[in-house]
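Worksheet: one structure, shown below.
The values are calculated or read from the model by the stated rules, or taken from the named source; none is laboratory data. What you are looking at is a predicted structure, and each value in this text was computed from that prediction instead of being measured. Positions of Cβ are backbone-derived with ideal geometry, glycine not excepted, and every protein chain shown enters the neighbour counts. Note: areas computed on protein heavy atoms with side chains; ligands, DNA, RNA excluded. Shrake-Rupley method; radii C 1.70, N 1.55, O 1.52, S 1.80 Å.
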Amino acid sequence: MKKYLSCIVIAFFATMALSSAGADKDAIEAKEKAAWQAFKDKKADDFQKLVDKDFRGVYAEGIVDLKAELEDMQKSDMKSFSISDYMAFSDEPDVIVTTYKCTVQGTSNGKDNSGTYNCGTVWKKEGNDWLAIFHTNAKQEAAAKK
C-alpha cells in the first residue's frame, strides 16, 4: 500500500510539472509574439518589458546588445510577420529555450529583408517575469534547383 501511495504521489507531481511546463510554453510563445509585435510597431518601451537589460542578439550583421537592438528597431520597416513551428523546451525551472520559424515582410536600412528565418530565443525567469536574454535568427536559403 505504501509503495502504491508513493507511485500516486510521484505521478501527481510529474503531471503538475508537465502541466506547468505547458503553461510556461504558452506564456513564452505569447511573449515571443509580443516582442515581435513591439519591434514591428517600434514600441521600444513594450519591447524592453520583454527583454533583459543584458540582452544579446546574434545575427548575420553582427552581435548586438539591447541598445543596438533598439536602434535597429528604428531603422526597420516591418510590414508583417508570422511565427510557425514553435517549440519550447527546458530542463531548468528558470530557463526556456525556444525555436521557431518567422516569415517576415519588410525592410531594414532601406534594404529588403523579407523571407523566412530560423529563430531561437533563450528566456530566463527573473522573479515572476520571463525575459528574453538571447535571440538569434538566420535567413533560410532558397532550396538548390536540381
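Could you look through the stretch 64-84, keep only residues that are among the small types (Gly, Ala, Ser) and under 16 Å from the mean Cα position of the chain (by Cα), and pick out the one that is least open to solvent (accessible area, probe 1.4 Å)?
Applying the filter and picking the extreme gives 84.
The rows are residues; the columns are (1) more than 18 Å from residue 29 (Cβ to Cβ); (2) in contact (Cβ under 8 Å) with a residue 40 or more places away in the chain; (3) in contact with a Cys (Cβ under 7 Å, 6 or more places away or on another chain).
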{"site": "61", "(1), (2), (3)": "yes, no, no"}
{"site": "68", "(1), (2), (3)": "yes, no, no"}
{"site": "75", "(1), (2), (3)": "yes, no, no"}
{"site": "89", "(1), (2), (3)": "no, no, no"}
{"site": "100", "(1), (2), (3)": "no, yes, yes"}
{"site": "109", "(1), (2), (3)": "yes, no, no"}
{"site": "120", "(1), (2), (3)": "no, no, no"}
{"site": "127", "(1), (2), (3)": "yes, no, no"}
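Which strands (runs of 3 or more DSSP E) sit wholly inside the stretch 19-127 and have at least 3 residues that are among the aliphatic types (A, V, I, L, M)?
Result: 76-92, 95-108.
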